Every structure is written in C-alpha cells, then in structure tokens.
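The values are calculated or read from the model by the stated rules, or taken from the named source; none is laboratory data. The shown structure was predicted, so the numbers you read here are calculated from the model rather than taken from an experiment. Glycine gets a Cβ as well: all are built from the backbone with ideal geometry, and neighbour counts include every protein chain shown. Ligands, DNA and RNA are stripped out before the accessible areas are found, and what is left, the full protein with its side chains, is counted by its heavy atoms. Shrake-Rupley method; radii C 1.70, N 1.55, O 1.52, S 1.80 Å.
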Amino acid sequence: MTRSSSRRWKSCPRNKVLFDAHNHLQAKRFAGRQAELLAECEGLSRMVVNGCAEEDWPQVAALAKAHPQVLPSFGYHPWFIHEHTGNWESELNRFLDAHPASVGEIGLDRWKEGLEYEGQEEVFTAQLRIAAERNLPVSIHCLKAWGRLLELLEQEPVTARGFLLHSYGGSAEMIAPLAKLGAYFSFPGYYMREAKGRQREAFTQAPPDRLLIETDAPDQLLPEELREHALDDPEGNPINHPANLGTVYRFVAKMLDEPLEKLAERMEENFLRLVGES
C-alpha cells in the first residue's frame, strides 16, 4: 500500500536535483514495486542501490540495467557474511567487471544481537582491497565498532576515490581523522527523530565537501509526522519509501541553516566526486 502526500520538491529550478547515496531498492519488502516507486521519486537524479550478499547481487544488477537512475553497488554486509560461498570473492569481482560502479554495503557490526563478530574483519578488509585495486568508492556500515574501523582503515589500502560512512553514527571527534582517510558522511532520514540529537550535531562538524544524504530505504523510517511518502510492506508493516529523499534534503538544509538550492548543488558535487554518474 502506498500513501503519498501532494507536496512537491520546491525551491530548486532544475528537474533532477536529488542524489540518494545509499539504499536497498532490491529489497524483497518492496514486493516487486520498484518501477512504481521510482516513478514517485520526484526530482531524483541518481541513487546508489547496495547489494548485501551474493543472493541479491543479480537483483541489483537488473535494477541498474532497467533504470538509469540506479547505480549498482555490490558487497557483503556483515549481517550476511555467514552465507558466503567458497568463491564469493570471484563472484564479487565478476559483478564488478560487468558493473564497475561501487563496492558495498560492507562493514563491521558489534551491535546486532546474536551476530558473531568473528570473520567480519576478514571479509571487510578483503572487500576494501578489491575496491582499492579497482579505485571504486565503498559504502561502509559500522555499528559499535568505530574505533576498530578507524584502525583498519589506517592499516589497509583505501580506494583513492574515497568511501561513504553510511548513516554515520560515530562521534564528532572522529570525523576529522576519518575525513583525512577519505571518508564521506551520509545523513539518513532516521536522524530527523528527536532522540538523534547527538548524531545531528556530529553532522554539523562534517566538512562541507564530504556530506551526502541517503534514505537507506526500505530501512530507517522518518518520524511519522514528517513522512511525506508512506509505504507498507505486504504484511502491512511501514517501510521507508525512497521518495522521502526530498524530505531529508529539506530537513538537512534547515539543520545547517543553508538555502535548499545551495545544499542541493553541493550534494550533487559531492555525490559525483565520490560515485560518478555511471
């Protein structure tokens, strides 16, 4: 079920001004409605759609082939590394040969209950090396492992293009050393919640040329009262609509006390510098 408001993207004169740095449009929770949802993403120029495991890499590739807005990214998310096959690295390289866009979502996670940490660093650093060899941007997930992530990024080869810390949740103090290594920091709509004041404050310290915006759809729902596009999965559970990207742009512009059009221009410059157009 889709419920969209009649509000429009305002204040930016060009038609295609929005860049979603990280989402999962391939997710099964969208129930095959991807084309319909993309049509509702007014103002969208590009979105990076992140694979999480070998199982969904073909769906990500198919979306990129069918929709010019989609830039594919292939990687093993730490939640799913226990599923990898013995030839997962060769499979990853095969997808990157065919679609040389981005590596991700990869990372470290000490937050998820029941998730073993053992093996995460090995898979993470292997993917970092693949990205560095190919000079591809990387989208990184990190929860409760920021100190160790910084250590590994300092030790391992890092792609010259830079890397995205998606939904950055580390401290403001870590922004400078991470930025020095090539980090970009993306802001999700979930941080519009009142309880996320610490995370919002950290983003005010991010270098202007290293800030990006994401939806992480279907995850990281916006606060209900600020959700301009509502969407349910087949079981009736609310999920994040990728068209909420414009809402997040407006929130970030207000948070940074910056004209919306100026912010949109900067997000385009930052996105194209890190990810490119195709």
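Some points to look at:
- The range 52-80 residues that are under 12 Å from GLY104 (Cα atoms), paired with ones that are aliphatic (A, V, I, L, M) and open to solvent by 20 Å² or more (accessible area, probe 1.4 Å) (beta carbon under 6 Å, 6 or more apart): PRO72/ALA64
- Check on ALA131, out of contact with any helix residue (DSSP H, G or I) (no Cβ under 7 Å at 6 or more places or on another chain) and within 22 Å of HIS24 (Cα to Cα): yes
- Here the condition is being open to solvent by less than 60 Å² (accessible area, probe 1.4 Å), of a type in the set (Asp, Glu) and not in a strand (DSSP E or B); of GLU151, GLU121, GLU133, it holds for GLU121 alone.
- Of all the numbered requirements in (1) over 22 Å from VAL70 (Cβ atoms); (2) without any contact (Cβ under 8 Å) to a residue 40 or more places away in the chain; (3) open to solvent by less than 40 Å² (accessible area, probe 1.4 Å), VAL252 misses one, and that requirement is (2).
- Filter result (of a type in the set (S, T, N, Q), surrounded by fewer than 20 Cβ atoms within 10 Å (Cβ to Cβ) and at pLDDT 95 or above) within the range 70-106: ASN87, SER90, ASN93
- Residues of the range 16-51 that are open to solvent by less than 10 Å² (accessible area, probe 1.4 Å), within 14 Å of LEU272 (Cα to Cα) and assigned to a loop (DSSP other than H, G, I, E, B): VAL17 alone.
- Residues of the range 205-249 classified as among the basic types (Lys, Arg) and either part of a strand (DSSP E or B) or without any contact (Cβ under 8 Å) to a residue 60 or more places away in the chain (or both), total: 1
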